[in-house]
Each structure stands twice: as C-alpha cells, then as structure tokens.
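Quick one: this structure, given as structure tokens, is what I'll be asking you about.
The values are calculated or read from the model by the stated rules, or taken from the named source; none is laboratory data. Since we're looking at a predicted model, the values are computed, not measured. Glycine gets a Cβ as well: all are built from the backbone with ideal geometry, and neighbour counts include every protein chain shown.
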Amino acid sequence: MRGVLVELDRVADEARDHLTTAYPDLTGRYEIVNGDMFQNVPARPQAVYLLSRVIHNYGDDQCAALLQRLASAMGESGPEAELFLMEHLLPEDPQADEAQLHPSHALDMIMMTLTVGGQERTRLHLSRLLTDAGFILPAAEAKPNLPAEMTLLIARLNPDASPPR
Ligand SMILES: C[S@@+](CC[C@H](N)C(=O)[O-])C[C@H]1O[C@@H](n2cnc3c(N)ncnc32)[C@H](O)[C@@H]1O
C-alpha cells in the first residue's frame with residue numbers, strides 16, 4: 001500500500017521533513033503533493049480517498065465543489081475507488097439522552113466560530129451532500145466508535161449518476 005497526501009505548501013513541506021526524519025522506513029511508500037485539493041486531486045488506480053475532518057471546515061457549497069473534484073479523480077481511478085469520510089457526526093436526534101453529551105455538539109460550535117460555513121453534520125446531511133455529488137453511500141458501511149467518537153463513512157461513485165464536471 002502507498003499513500004498520497006495532498007496538502008497546502010507550508011504543511012506539505014513540514015510533513016515531508018517530519019516523515020523523512022521521524023519515519024525513514026516509510027521512504028518510498030508515500031508521496032506528498034503540494035497543492036490545493038479544490039483545484040487538483042491526483043488520480044491513482046484502485047485508490048481509497050480519505051477525507052478526515054476536512055469536510056467539517058466548509059459550508060455546503062464548498063463541500064459540493066470538493067466532492068465533485070474527488071468524484072472526478074475517482075472516475076479516473078476505476079470502479080473499485082472508494083471515498084473514506086471520517087467526521088464527528090451529529091446525532092440525528094439531538095434530544096435523545098445518549099446524544100446530549102456527544103462531542104460533536106461542542107465541535108459544531110467551534111467550527112461555527114472559527115470558519116465560514118464550517119459545521120458538524122448528521123449522517124443524513126452528509127449523505128445528501130454525497131448523493132448530490134454523484135456518490136452512493138451503502139447503509140451498512142458506517143463504522144462508528146472510532147477514536148474521538150468519529151464515524152467512518154464509505155462512499156463509492158454512483159454508476160448511474162451523470163459524470164462529474
Ligand atoms: C482540520 S485539518 C485535518 C487534518 C487531519 N486530516 C486530521 O484528521 O486530523 C484540515 C487539513 O486540510 C488542509 N487543507 C486546508 N485547505 C486545503 C486545500 N485547499 N488543499 C489541501 N489541503 C488543505 C489543512 O492544511 C489541514 O492540514
């Protein structure tokens with residue numbers, strides 16, 4: 001397995017320095033691409049695309065643009081390509097007892113104050129964004145209880161959707 005990290009210049013350069021010195025054994029197993037994910041997402045055959053705590057930085061319109069960019073790269077990767085989305089999902093029913101202390105509520109407020117349009121989302125909200133961008137989200141493929149109470153959603157391109165622009 002090989003990894004490709006797409007990052008803004010300063011972070012990409014720091015990541016490259018850090019990985020080279022702290023994890024020399026990984027040399028050759030990753031590639032760091034300096035770039036803007038809204039402009040260019042590199043396509044690789046049979047790839048898994050991972051967005052971890054990225055979507056929550058943006059409002060719905062920017063999420064739609066980013067997901068369309070990913071759908072376009074995944075179209076080039078082939079039918080096995082998958083999108084892994086890791087986020088702190090808001091409970092569907094915020095009034096439910098077990099929902100009241102979920103950390104996503106506090107994170108939602110932090111995103112509201114630190115970003116323009118950033119927010120935590122429910123699974124339903126994320127599914128809508130994904131569906132509109134040409135993905136399918138099989139119901140069974142949600143894995144809750146990751147560290148920090150994140151959830152992993154696995155999406156694939158919808159073969160019946162019109163190709164992304
Ligand atoms: C909230 S952090 C998530 C970091 C990590 N994935 C995690 O789960 O902890 C968002 C990351 O996206 C990067 N980023 C922001 N805008 C970007 C862009 N236009 N293109 C590529 N990376 C970007 C930031 O530099 C930052 O490292």
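Closer than 23 Å to THR151 by Cα, within 12 Å of the chain's Cα centre (by Cα), at pLDDT below 95 and of a type in the set (Asp, Glu), is that true of GLU87?
Working: closer than 23 Å to THR151 by Cα: yes; within 12 Å of the chain's Cα centre (by Cα): yes; at pLDDT below 95: yes; of a type in the set (Asp, Glu): yes.
Taking the combined requirement at face value, the residue satisfies it.
Here's something else I'd like to know. Just give me the residues in the range 21-53 being out of contact with any helix residue (DSSP H, G or I) (no Cβ under 9 Å at 6 or more places or on another chain) and exposed (fewer than 12 other Cβ atoms within 10 Å of the Cβ), in sequence order.
Within the range 21-53, THR21, ALA22, TYR23, PRO24, ASP25, GLY28, ARG29 meet the criteria.
Sticking with this structure for a sec: On the basis of being free of Cβ contacts under 8 Å to residues at least 60 places away in the same chain and either among the β-branched types (Val, Ile, Thr) or surrounded by fewer than 16 Cβ atoms within 10 Å (Cβ to Cβ) (or both), does GLU7 make the cut? Show your work before the answer.
Numbers: free of Cβ contacts under 8 Å to residues at least 60 places away in the same chain: yes; either among the β-branched types (Val, Ile, Thr) or surrounded by fewer than 16 Cβ atoms within 10 Å (Cβ to Cβ) (or both): no.
So GLU7 fails the test.
A further question follows. Have a look at ALA71, ALA81, ALA64 and point out the one that is surrounded by fewer than 21 Cβ atoms within 10 Å (Cβ to Cβ) and touching a residue at least 40 places away in the same chain (Cβ under 8 Å).
The conditions single out ALA64.
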